[in-house]
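**Q** Next up is a structure, given as structure tokens.
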Amino acid sequence: MAKFKKKKSAPTPGSDDSKPKITDGIDVPEVEKSESIPNNSKEPSKEPPINDAAKNAKDKKLSKLFWMRIALGIGAGIVTTFIFEDIEGEERRWASIGFMIILFFASIIVAKAMNLQLPPSDRKKIVTQGIGSYVFLYLFSWIVSYTLTHLGDISTGINL
């Protein structure tokens, strides 16, 4: 960086540098004001601004998708207990996990049919909305329903 010397002398009395200077006979072209671009992004956003009504409709549909996956996870976990009753051992576990993945892909297809009209930056919300809750509630309801249906099969010392 270049270093500049500070002026050590006092300003000249009567000098009005802050007043605009009058230019006689010189045509000074007008300068256009440029649109300012936010410093955090190099390019302006290509997405159209979303109004409040569209945002509320999008949020309602995403909320509906979330709660649909919650209900699907609980229901599918309970149904899995009875569907794969005939399969024994390790195959039952892998069949159940495969069933869970297939149902999740089916929920993605249903979500795409809901016409969410999401901006390009939010496209992955169709997949990620409620995925953790779906997986954990599926596993939880599968374990609890399996435990409750087979509670009397094994001698655990608990009399029912």
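The values are calculated or read from the model by the stated rules, or taken from the named source; none is laboratory data. For clarity, every value in this text was computed on a predicted model and none was experimentally measured. Quick reminder, even Gly has a Cβ in these numbers, built from the backbone with ideal geometry, and neighbours come from all protein chains shown.
**Q** Output yes when any residue across the stretch 88-96 is free of Cβ contacts under 8 Å to residues at least 24 places away in the same chain, under 21 Å from W67 (Cβ atoms) and either exposed (fewer than 15 other Cβ atoms within 10 Å of the Cβ) or aliphatic (A, V, I, L, M) (or both), and no when none is.
**A** no
**Q** What number of residues in the stretch 113-146 are within 30 Å of E85 (Cβ to Cβ) and at pLDDT below 90?
**A** Matching residues across the stretch 113-146 total 0.
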